[in-house]
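Working notes, beginning with the structure itself.
The values are calculated or read from the model by the stated rules, or taken from the named source; none is laboratory data. The structure presented is a predicted model; accordingly, all values stated were derived computationally and were not measured. Virtual Cβ from ideal backbone geometry, glycine too; neighbours counted across all protein chains shown. Protein only, heavy atoms only, side chains kept; ligands, DNA and RNA dropped before computing areas. Shrake-Rupley method; radii C 1.70, N 1.55, O 1.52, S 1.80 Å.
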Amino acid sequence: MGTDIEDAARWLAEAVETGSPLAALPEGLAPTSPAEAEEIAAGVLAALGITPCGLRVLRAPGLAGPMVEGRLVPSGSPIAPGMLRHGLASAAVIGVLAEELGDGPPVLARVHPAIDLSSTRFTQAPTDTLAMTADLARLGLVVAGRGKPMPEAPVRIAIGPAGHRRRGESFDLAALFADAAAVARHWGGLPAGALLVVAGLGEVVPAEGALRVTITGLGAAEAVIG
């Protein structure tokens, strides 16, 4: 007996809609392959009547899933802790595609510094990648700073409490977006104007208090949780 993709998506969609957490998906609803997990994630949005606005790639722990416009908020937004079940925060960058994603590197109109605030629809945060992929790759909120042209040189990215300076880690944004574009092609590609989000950059911290991500050459994004 195979996985009931439609029923699994319906369960998760109800959790998204009501905010009530789920126990782990039972046998027969839990995905048994990456393809099934991706189908469930797509089915969740279909059940809710939501069209994704792009793709979000979470480098740690290695997940990908649809990006949703309603989960994108501007820097400085106050966020209630109850919105983030088992919340984790990491540095992120958002690329806005200037043209449809082709075979080569993505052409980006602008790039935004961001904070990725991941969450889960489950009572206990799942640890296996199949369950997390079905759970919209732990999509919570993505807090976006102002966009700029992509820096040509490598950048330093740091996350931590607002008001504390950190040196951060060095990243090649072109390489990050090229890797994310390869994942997006696996998911079926992206049109011009879509968002390509790369999260999980460097340290992952609890999603609590006042947080700030700084990226040299781009600027910063801030969120206040609580």
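Worth a mention:
- Qualifying positions in the stretch 177-204 - open to solvent by less than 10 Å² (accessible area, probe 1.4 Å) and closer than 29 Å to Gly76 by Cβ: Phe177, Ala180, Ala184, Ala194, Leu196, Val197, Val198, Ala199, Gly200, Leu201
- Residue that is farthest from Val57 (Cα to Cα), among those in the stretch 108-123 that are of a type in the set (S, T, N, Q) and surrounded by fewer than 24 Cβ atoms within 10 Å (Cβ to Cβ): Thr123
- Answer residue from the stretch 77-102, given it is open to solvent by 60 Å² or more (accessible area, probe 1.4 Å) and either among the small types (Gly, Ala, Ser) or touching a helix residue (DSSP H, G or I) at 6+ places or on another chain (Cβ under 8 Å) (or both) and is modelled with the lowest pLDDT among those: Gly82
- Positions within the stretch 44-76 being open to solvent by 20 Å² or more (accessible area, probe 1.4 Å) and not in a loop (DSSP other than H, G, I, E, B), in sequence order: Ala46, Ala47, Leu48, Glu69, Gly70, Arg71, Leu72, Val73, Pro74
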